[in-house]
Amino acid sequence: MEETCRCAKDEERMQRVEEIINQFRQLPGALIPVLHEIQDMYGYLPEEALQIVSRELGMSMAEIYGVATFYSFFSLEPKGEHIIRVCMGTACYIKGAQGVLDRLSQELNVPVQGTTADGKFTLEATRCLGACGLAPVMTIGEKVHGRLAPNEIPKILKQMRTPVQTH
């Protein structure tokens, strides 16, 4: 039963990919808005969707991958439910961001730029997050964590993993 539902959902998404392409087909530079819409739908750019884009826009997969890998916004891999970004800009790096990043990688058992096996977390090293006064800084989704030390990471992750209790 679950397999039937998954196939129907995939088919529906692929139809939506074709609708997206048709929506932008006539625009010069249609590829970028098409890729944005596809990523918004899937959370990343799956190869099957990119093959449809290739066919429908008459572009090679190499051209599409060139654009998708050039812009850091695009992802060819699924992202976790929570995206953790550690600032590696100068101020953060000098104040110990590498130690924070290493501790996160260790605690999550995932390489930098990787996603945990359970799909809960994606760990990313990023450029300046614009909070240099709070260095070192990381974000989890929209929440900013500043003046971090590696030993604080387990507590922060525990809070993320523990469901909020409502009374």
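Can you pull out every residue in segment 99-132 that is without any contact (Cβ under 8 Å) to a residue 40 or more places away in the chain and not hydrophobic (A, V, I, L, M, F, W, C)?
Across segment 99-132, the qualifying residues are SER105, GLN106, ASN109, PRO111, GLN113, GLY114, THR115, THR116, ASP118, GLY130.
Pull up segment 33-85, narrow it to residues that are assigned to a loop (DSSP other than H, G, I, E, B) and hydrophobic (A, V, I, L, M, F, W, C), then point me to the one that is surrounded by the most Cβ atoms within 10 Å (Cβ to Cβ).
Restricting to residues being assigned to a loop (DSSP other than H, G, I, E, B) and hydrophobic (A, V, I, L, M, F, W, C), the top hit is LEU45.
With respect to ASP118, determine if the residue is among the acidic types (Asp, Glu), open to solvent by 70 Å² or more (accessible area, probe 1.4 Å) and at pLDDT 95 or above. Lay out the reasoning, then the answer.
Details: among the acidic types (Asp, Glu): yes; open to solvent by 70 Å² or more (accessible area, probe 1.4 Å): yes; at pLDDT 95 or above: no.
Considered against the rule, which asks whether it is among the acidic types (Asp, Glu), open to solvent by 70 Å² or more (accessible area, probe 1.4 Å) and at pLDDT 95 or above, ASP118 comes out as no.
For residues that are assigned to a loop (DSSP other than H, G, I, E, B), touching a Cys at 6+ places or on another chain (Cβ under 8 Å) and farther than 13 Å from ILE84 by Cα, scanning just segment 128-142, find the one that is most open to solvent (accessible area, probe 1.4 Å).
Among residues in segment 128-142 that are assigned to a loop (DSSP other than H, G, I, E, B), touching a Cys at 6+ places or on another chain (Cβ under 8 Å) and farther than 13 Å from ILE84 by Cα, the one most open to solvent (accessible area, probe 1.4 Å) is CYS128.
Between GLN23, GLN98, GLN106, which is open to solvent by 90 Å² or more (accessible area, probe 1.4 Å), within 30 Å of ILE156 (Cβ to Cβ) and assigned to a helix (DSSP H, G or I)?
Working: GLN23 fails: within 30 Å of ILE156 (Cβ to Cβ); GLN98 fails: open to solvent by 90 Å² or more (accessible area, probe 1.4 Å).
Going through GLN23, GLN98, GLN106 in turn, just one is open to solvent by 90 Å² or more (accessible area, probe 1.4 Å), within 30 Å of ILE156 (Cβ to Cβ) and assigned to a helix (DSSP H, G or I): GLN106.
The values are calculated or read from the model by the stated rules, or taken from the named source; none is laboratory data. Here the structure is a predicted model, which means the values were calculated and not measured. Reconstructed Cβ throughout: ideal geometry from the backbone, glycine too, with neighbour counts over all protein chains shown. Protein only, heavy atoms only, side chains kept; ligands, DNA and RNA dropped before computing areas. Shrake-Rupley method; radii C 1.70, N 1.55, O 1.52, S 1.80 Å.
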